[in-house]
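Have a look at the structure below, then the notes.
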Amino acid sequence: MTEPRTKPHASRRIALVLAALLVAGCASNPPPAAPPSAAAARVARAEAVYPPWQSGRNNGAADRGFVFTVPPVDVLSDFHGSATNPKLVLYIAGNYYFALAPLVEEFGRAYPQYRGRVYYETLPPGILEQQMKAGGTITVGNMTWTAKPDVYLAGLKKVRGLMAQGRLVGPAVAYVTNDLTIMIPDGNPGNVHGLADLGRLDLPIVMPNPRYEGVARQIRASLVRAGGETLANAVYDAKVQTGQTILTHVHHRQTPLFLMQGVAQAGVTWKSEAIFQEQVGHPIAHVDISAADNTTAIYAGAVVKGAAHRKAAAAWLRFIRSDAAIAIFERYGFKRYGAPGAKAAE
């Protein structure tokens, strides 16, 4: 049996009448609109620091169809172009994803038959290797697709290692070199001046994960040169245990994002990554690492065994060493492989 409804208490009736009058008054005299710098502007500012940072400019697909990207909640930042019947598939170490759009565009000018038909991924080399082992199939969120690579591009040592396993077909083509730097938030709130500072227990840092990212090996070598095994162990062991070192899965995306969010105050990356972030106007800066402590990497590529597009793969490996390609790399601080003065470590 339902209980009978009771009449509102007198004070409640008065409150209801006042609320009704307030609503009526607001209808005839609405409050001033919130300034555009309020909620919507805050959302826009937040979205600006989430990948993808290039608003589709790294997508070389001839037909993009309906474009739906909502940073940071629906984004595929390191997959570019159309995976439907491409004429060339590239697996490329992700730390120079920002150079790929102009490179692919220039490649299309040199080889018009491939324009708009290049699909490429810019994930860490170890993750790309795992995708190769899975037959080119990968799952991101709720989507699974297959894109078998024609060319694999990473550090020269990694490329040679996969050639030794019979998974890549030589020769290994080396094209540019790159140096390390310490990426920091603009203004340097952590007061970081060199690699030795990264061992400070009070300094939260973000570092590439040795499990996925080859750059971690070069970074550790530089840490040893700067402060011996004590510094290297502090950064990659003790501070990992305490949570003061965050290890990434995709350092070229996570490191600058964590710095801009205030989660960390420093992280070692390739210098080209810091240069790009500064060029696009993000609140990022960098601290140079001395030549004595730095490590220079060699970038190389080779054809994947069983590649479906061998002719296109060979064309890309010729193009990547061309003057036009090197000029694009140089915008971000890369140097041509074999340039005078390069102290390169494979």
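Each value in this text was obtained by applying a stated rule to the coordinates, not by laboratory testing. All values reported here derive from a predicted model rather than from experimental measurement. Every residue, glycine as well, gets a Cβ built from its backbone with ideal geometry; the counts of neighbours run over all protein chains shown.
With an a/c value of 1.5 or above and a/b not larger than b/c for the gyration tensor axes a ≥ b ≥ c computed over the alpha-carbon atoms, the stretch 113-156 is described as oblate. Rounded to the nearest Å, what's the spacing between the alpha carbon centres of the stretch 288-306 and the stretch 152-219? Just the number, please. Cα centroid of the stretch 288-306 versus Cα centroid of the stretch 152-219: 8 Å apart.
Counting other beta carbons within 10 Å of each Cβ, put R318, R253 in order, fewest first.
On the way: R318 14, R253 24.
Ordered from fewest to most neighbouring Cβ atoms within 10 Å, R318, R253 come out as R318, R253.
Dipole magnitude for the stretch 178-288: computed about the Cα centre from +1 point charges on Lys and Arg Cβ and -1 point charges on Asp and Glu Cβ, it is near 280 debye. Only Cα pairs under 8 Å and 6+ residues apart enter the sum, and on that basis the relative contact order of the stretch 99-158 stands at 17 percent.
In terms of other Cβ atoms within 10 Å, E330, E229 run from fewest to most in the order E229, E330.
Report relative contact order for the stretch 178-288 in percent, whole number only (criteria: Cα-Cα under 8 Å, sequence separation at least 6).
Result for the stretch 178-288 is 48 percent.
Remark on A266: its backbone amide H falls under 5 Å from those of V206, a criterion applied only to residues 5 or more positions apart or on other chains, H modelled at 1.01 Å from N.
Once C-alpha pairs closer than 8 Å and six or more residues apart are averaged by separation and normalised to the residue number of the stretch 61-127, the relative contact order reads 46 percent. The residue among F258, G187, T248 whose Cα reaches farthest toward the positive pole of the charge dipole of the stretch 178-288, with charges on the beta-carbon of Lys, Arg, Asp and Glu, is T248. Per-residue Cβ neighbour counts within 10 Å put L162, L195 in the sequence L162, L195, beginning with the fewest.
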